[in-house]
Amino acid sequence: MNIRSAALPTFTVYFILTILALLMIFPLLYTLLQAIMDPAQSSLYPPKLIPEQLYFGNILLVFKLIPVSTFISNSFIMATVIMIGQVCIASMAAYAFVYILFPGKQFWFILFLSTMMIPWEVTIIPNYLTIRSWDWLDSYQGLTLPFFASAFGVFLLRQFFLQLPRELFEAARIDGAGHIRHYLTIVLPLSRPALASLSVYVFLNSWNMYLWPLLVTNSDQMRTVQIGVSMLQFEEMSSWNHLLAGVLVVLIPSFILLIVGLKQLVRGITAGAVKG
């Protein structure tokens with residue numbers, strides 16, 4: 001009697017979690033099913049959920065209607081450059097806030113963190129005017145440079161650096177190592193979980209950007225995938241299975257990266273939240 005009553009809450013919890021998981025995954029499953037459904041089936045009413053046969057013509061048509069390979073290449077280059085730049089700058093800034101003594105260190109750190117409360121929409125116009133004055137519109141530097149600094153990345157890495165044994169820093173100083181050597185040979189190798197989690201987070205955010213690439217790019221040669229998907233909507237008509245096929249193509253790289261880096265992402269974020 002006690003065993004059954006104790007097992008009931010556990011079963012209920014897992015049942016609720018299963019229902020919630022199905023609700024969360026249903027839009028993705030619906031996108032996949034509609035992308036492999038032929039136009040005749042997708043136009044039926046009431047609409048069908050499961051296709052009668054696999055049809056990959058929608059995905060092939062997406063590659064014919066828009067230069068998907070160019071858009072994916074642009075997004076990959078943009079996200080990779082932002083990821084590398086932000087990780088490098090955030091790691092150096094976090095190192096300075098942890099290991100280097102300078103006047104007002106806590107004040108400057110709090111001031112830097114306060115920028116997280118400024119909405120991105122507030123800075124769009126100043127950033128756009130700056131990029132335009134430098135003649136960087138429709139270029140990779142215009143797409144990437146405004147995102148090299150991140151208060152969240154500095155905070156995440158600083159919290160992780162604080163957990164590293166202080167004795168390693170003292171031993172390195174006794175051994176004659178300066179800040180650069182200590183940063184490159186000790187801090188960075190020991191911080192791979194935090195660096196990996198920040199890299200995955202920054203890459204996914206950069207890959208999914210829409211408004212900024214829409215503002216600073218004018219040609220198809222510099223468009224990103226998020227803008228490319230919107231080009232599948234025409235004024236005369238909207239073929240939803242073609243649009244969802246484009247969404248599926250865009251989501252595949254994100255899912256691959258998320259599956260590969262999910263463990264490191266969770267480990268790095270939880271590790272950085274232990275010590276304040």
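The values are calculated or read from the model by the stated rules, or taken from the named source; none is laboratory data. All values reported here derive from a predicted model rather than from experimental measurement. All Cβ positions, glycine included, derive from the backbone under ideal geometry; neighbour counts span all protein chains shown. SASA here: full protein model, heavy atoms, side chains in, ligands and nucleic acids out. Shrake-Rupley method; radii C 1.70, N 1.55, O 1.52, S 1.80 Å.
Here is how the numbers come out for the structure above:
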quantity	calculated
Three-way shape call for the range 1-137 based on the alpha-carbon gyration tensor, with the a/c threshold at 1.5	oblate
Percent of Cα-Cα distances greater than 17 Å, calculated over the range 167-231	61 percent
Crossing angle, helix 192-207 versus the chain [Cα axis fit, 0-90 degrees, rounded to tens]	40 degrees
Descending semi-axes in whole angstrom, ellipsoid equivalent of the range 49-107, from the Cα gyration tensor	49, 15, 7
Accessible area of the chain belonging to carbon and sulfur atoms, whole % at 1.4 Å probe	72 percent
Cα-derived Rg over Rh, computed across the range 100-242 with Rh taken as Kirkwood radius	1.11
Residue-averaged 222 nm ellipticity for the chain, from DSSP H runs of 4+ at -39500 (n - 2.57), nearest 500	-22500 deg cm²/dmol
Compactness of the range 65-180 as Cα Rg over 2.2 N^0.38 Å, two decimals	1.37
Within the chain, longest stretch free of exposed trypsin sites (Lys or Arg not before Pro) [DSSP loop, at most 15 other beta carbons within 10 Å]	49-274
With Cα atoms, 0 to 90° folded angle of helix 120-133 axis to the chain main axis	80 degrees
Per residue accessible area of the chain, 1.4 Å probe, in Å²	60 Å²
Positive-pole candidate from Leu215, Ala149, Ser73, dipole of the chain, charges at beta carbon	Ala149
For the chain, with +1 on Lys and Arg beta carbons and -1 on Asp and Glu, the positive-most of Phe56, Gly176, Met116 along the dipole	Gly176
For Leu137, residues with placed amide H under 5 Å, excluding near neighbours	none
Student exercise, the chain dipole from Lys, Arg, Asp, Glu Cβ charges, in Debye to nearest 20	980 debye
From phi via Karplus (6.51, -1.76, 1.60), per-residue ³J(HN,Hα) for the range 147-155 in Hz, x at Gly/Pro	10, 6, 9, 9, 5, 5, x, 5, 5
Principal semi-axes in Å for the chain [√(5λ), Cα gyration tensor, largest first]	41, 30, 16
